[in-house]
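Here's the structure, in structure tokens; my notes come after.
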Amino acid sequence: MTSGMLYGGDEIGALVFDPGHHSLRVGYAQEDTPKAEIPAVIGVAPDESIKLEPEAKQDNNNVTQSPNAWKYYIDTTFLYTPRNKLELHNYMSEGMIDNWDYFEKIIDYSYDKIIQSQSEYHPVLFSESPWNQRQKREKLCEIMFEKYKVPAFYLVKNAALAAFANGRSTALVIDSGATHTSAVPVVDGYVLTHLALNSSIGGDYLIRVAKEMLESQNIDLTPAALIASKEVVRDKEKPKYIKKNLSFTPTNSWMAYMVKKTVQDFQQSVLQVSESLYDERIASSIPAVHYEFPTGYHQDFGPERFKLAEGLFDQAVLGAGYMAATSASMCEVDIRPALYSSVVITGGNTLIQGFSERLSKDLSSRTPGSMRLKIIAANGTVERRFGAWVGGSILASIGTFQQMWMSAQEYQEAGKSQIDRKCP
């Protein structure tokens, strides 16, 4: 297996990090799936175990602000437990890392609890959004070398990685995640950022619309974490459940997050994309889907499940098919056939039933007659949700890639600005 290169041996596994708005995927290169998926939010609460000295309080009013006065909660188990004054924060904004302190807490957690190994032993490959800004790329590079002392580092656009995961170096990548849906042309492994299109319709948008609909029907969205017990009730009957007895009121940010999770489960179980433009009559003729909420309330959902998913293909606000066709048509004529014949779909929303069929239909109506259209959608949930991670895992384990790494030595010599040259 050893390629004889600096990091080419399999004694030292390279790590792949794929940060997104919904979660951070982390694991070893060469593996099929990430070792862990950590929610992209971090819980912050006052540390009750630290008792401040009364004198200290009088001396200085901001003692409570001292860093050890806060406790951080990371990963599902800790986030899902209601705690007094627990506020949840996302460290991502607009597809980019925004709060570096919170982000570092998650990286610390990844090394301590998931990888359980020292950061200085592993080269690290990170995915990034096609829109990532230069100063953020440099900052990440600096943190990885200065704080984590990694031996080597590399940064790749997530669209290129999703293409690699599907065995393509040239593809039109349609990525629909938590906050955005984008169409990104990748040619020979390079992302043509200036020809990529992006809309702010993603999973979060669908969750928001679904939540409004459920609330308008007066459906109780109390999350499972607050329910002590529930009774079995008949279809559409008012739920009968007992709430947990808490000595405090959970914060708004925690409640919002948990309700969002509740609606997200509904969205993933119930929503379906209709084959062509939403039509109430056709939607009504398709069998309804039954769903039970954490409170025990349950009912059938019919046409509304198609209506909710329609937002991803709504032409007024840059639907997925429209963006794909527009992005391809902006590319040079000679690369268009290669893009149309490799349309790769990735991201959590693309798992909504009917997504790829609808995209195929929408796109074929916009594809020039001379072009052959081929949609590539991995069958497995993992490959589709973690497309960029899987691509990173493949890339970091290829022998010829080993000379691409930016080494710690190069960083020492040329500094963080080197990242733009090494990782275009």
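Values quoted throughout were computed directly from the atomic coordinates according to the rules given, and no laboratory measurement underlies them. Note that this is a predicted model, so its numbers are computed, not measured. Here the Cβ is made from the backbone with ideal geometry for all residues, glycine too, and neighbour counts use every protein chain on show.
Only alpha carbons enter this Debye calculation for region 133-273, each as an equal point scatterer, and the log10 of I(q)/I(0) it gives at q = 0.13, 0.21 Å⁻¹ is -0.84, -1.26.
Region 243-272 and region 346-424 have Cα centres separated by 32 Å.
Assuming R0 = 30 Å, can you tell me the calculated FRET efficiency for the pair ASN245 and GLN268, based on Cβ-Cβ distance, to the nearest 0.05? Show your work: numbers first, answer last.
Numbers: r = 31 Å, r/R0 = 1.02.
According to the calculation, E is roughly 0.45.
When only the Cβ of Lys, Arg, Asp and Glu is charged (+1, +1, -1, -1), the dipole of region 203-312 relative to its Cα centre reaches about 520 debye.
Extending 7 Å from the Cα toward the beta-carbon at both GLU48 and HIS298 defines two label points whose distance is 3.6 nm. Only alpha carbons enter this Debye calculation for region 350-424, each as an equal point scatterer, and the log10 of I(q)/I(0) it gives at q = 0.19, 0.25, 0.27 Å⁻¹ is -0.88, -1.11, -1.19. Remark: C-alpha extents of region 307-350 on the principal axes read 38, 22, 11 Å, sorted largest to smallest. Taking the Cα centre of the chain as origin and assigning +1 to Lys and Arg Cβ atoms and -1 to Asp and Glu Cβ atoms, the resulting dipole is close to 600 debye. If you take all other residues with their beta carbon under 15 Å from the beta carbon of GLN403, and give Lys and Arg +1 and Asp and Glu -1, the sum is +1. For the residues VAL270, VAL333, VAL344, a GNM of the chain with alpha-carbon springs under 10 Å puts the largest fluctuation on VAL333.
Multiply the residue separation of ILE282 and SER117 by 0.36 nm, subtract the distance between their alpha-carbon atoms, and state the gained length in nm to one decimal. Using 0.36 nm per residue and subtracting the Cα-Cα distance, I get 53.9 nm. 3J(HN,Hα) along region 312-329, derived from phi through the Karplus expression 6.51 cos²θ - 1.76 cosθ + 1.60 where θ = phi - 60°, amounts to 5, 10, 5, 5, 5, 10, 6, x, 4, x, 4, 5, 4, 5, 5, 4, 5, 6 Hz, with x in place of Gly and Pro. For the set LYS113/LYS422; LYS85/LYS261; LYS85/LYS139; LYS230/LYS261, the pairs lying more than 28 angstrom apart at their alpha carbons are LYS113/LYS422; LYS85/LYS139. Computed from label points 7 Å out along Cα-Cβ, the spacing between GLU31 and ALA414 is 3.2 nm. Three semi-axes describe the equivalent ellipsoid of region 287-412; taken as square roots of 5 times the Cα gyration tensor eigenvalues and ordered largest first, they are 34, 25, 13 Å. Close amide-amide hydrogen proximity is noted between HIS180 and GLY203, each under 5 Å apart and 5 or more residues distant or on a separate chain (H modeled in the peptide plane; Pro and chain starts excluded). Over 41 Å apart: what share of the alpha carbon pairs of the chain falls there, rounded to a whole percent? Cα-Cα pairs in the chain separated by more than 41 Å: 23 percent. Given the rule -39500 (n - 2.57) for each run of at least 4 DSSP H residues, summed and divided by the residues of the chain, what is its mean residue ellipticity at 222 nm, to the nearest 500 deg cm²/dmol? -9000 deg cm²/dmol, from helical runs alone. A cut-off of 5 Å between modelled amide H atoms, ignoring neighbours fewer than 5 places along the same chain, links LEU15 with ALA29, VAL124, LEU125. Taking Cβ atoms as reference points and 13 Å as the exclusive limit, the residues near LYS85 contribute a net charge of -1, counting Lys and Arg as +1 and Asp and Glu as -1. Rg ratio for region 79-181: its Cα radius of gyration over 2.2 N^0.38 Å, N being its residue count, equals 1.23. Segment HIS290..GLN353, full-extension length gain: 21.2 nm, with 0.36 nm per residue of separation and the alpha-carbon distance subtracted.
Rounded, prolate or oblate: which fits region 203-312, taking a ≥ b ≥ c as square roots of the Cα gyration tensor eigenvalues, rounded meaning a/c under 1.5, else prolate when a/b beats b/c? Note, shape of region 203-312 comes out oblate. Taking Lys and Arg as +1 and Asp and Glu as -1, the other residues whose beta-carbon sits under 11 Å from that of THR76 total -1. With only the Cα atoms considered, region 230-273 has a convex hull volume of 107 Å³ per residue.
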